[in-house]
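Below you'll find the structure, written out as structure tokens, and then a few comments.
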Amino acid sequence: MTTEVVALASDYWSTLGRGVSAILLYAILGLALMVLGFFAIDWTTPGKLRTLVREGRPNAAIVTASGMVSMALIVVLAIYASSGRLVEGLIYSAVFGLVGIAVQVISVRLIELVSAIEIGDVLMREKFTPEVLVVAAAHLALGLVVAVAIL
């Protein structure tokens, strides 16, 4: 029986620490952007979105979920574009996230206007209505456009 000694690389702990720090910082920033995005959608949408989601209104939940997934796409591509450079990635994520929120709010309101969707009325309905898919698709599509533009 032989015993093999396994040694860790000299920079193992610092590399591990940087990785854990990056995860925590990106998670905090991503969460902050999603919360800010939620409030931007809530602020520009008739009715209290938080209350409508809590009441189980399916259309409100779909719009909220699509906005959050869209924001996550932007943050993920900003992280990817930073190529492992933490400070650049955080700045990219913050700036592109804020631009993404602004673009989404303006564009989704414009799509609602062009398509004649009364989003306030749609969000308050107790049953799913298909026109909410147009708004959700607009959120996701615009998030994807902003995300890919980062690259």
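The values are calculated or read from the model by the stated rules, or taken from the named source; none is laboratory data. Keep in mind it's a predicted model, so treat the numbers as computed, not measured. When we count neighbours, we look across all protein chains shown, and the Cβ atoms used for this are built from the backbone with ideal geometry, even at glycine. Accessible surface areas use protein heavy atoms only, side chains included; no ligands, DNA or RNA. Shrake-Rupley method; radii C 1.70, N 1.55, O 1.52, S 1.80 Å.
With the requirement that a residue be among the β-branched types (Val, Ile, Thr) and touching a residue at least 60 places away in the same chain (Cβ under 8 Å), what does segment 86-101 give you?
Scanning segment 86-101 gives a single hit, 101.
With part of a helix (DSSP H, G or I) and farther than 17 Å from residue 90 by Cβ as the only criterion, which of 40, 22 stands out?
Among 40, 22, only 40 is part of a helix (DSSP H, G or I) and farther than 17 Å from residue 90 by Cβ.
In segment 45-57, what residues are open to solvent by 40 Å² or more (accessible area, probe 1.4 Å), part of a helix (DSSP H, G or I) and either of a type outside the set (D, E, K, R) or touching an Asp or Glu at 6+ places or on another chain (Cβ under 9 Å) (or both)?
50, 51, 53
Considering only segment 67-111, state which residues are open to solvent by 50 Å² or more (accessible area, probe 1.4 Å), hydrophobic (A, V, I, L, M, F, W, C) and over 15 Å from the mean Cα position of the chain (by Cα).
86, 87, 91, 106, 110, 111
Just to check your reading of the model, which residue among 135, 148, 114 is surrounded by 16 or more Cβ atoms within 10 Å (Cβ to Cβ) and not acidic (Asp, Glu)?
Just one listed residue meets the conditions, 135.
Where the second residue is open to solvent by 30 Å² or more (accessible area, probe 1.4 Å) and assigned to a helix (DSSP H, G or I) and the first is more than 15 Å from residue 41 (Cβ to Cβ) and among the aromatic types (Phe, Trp, Tyr) and lies in segment 124-151, which pairs have Cβ atoms under 6 Å and are six or more apart or on separate chains?
These pairs meet every condition: 128/58.
Quick test of your reading of the structure: residue 104 fulfils all but one of (1) over 22 Å from residue 127 (Cα atoms); (2) free of Cβ contacts under 8 Å to residues at least 12 places away in the same chain. Name the failing condition by number.
Failing condition for residue 104: (2).
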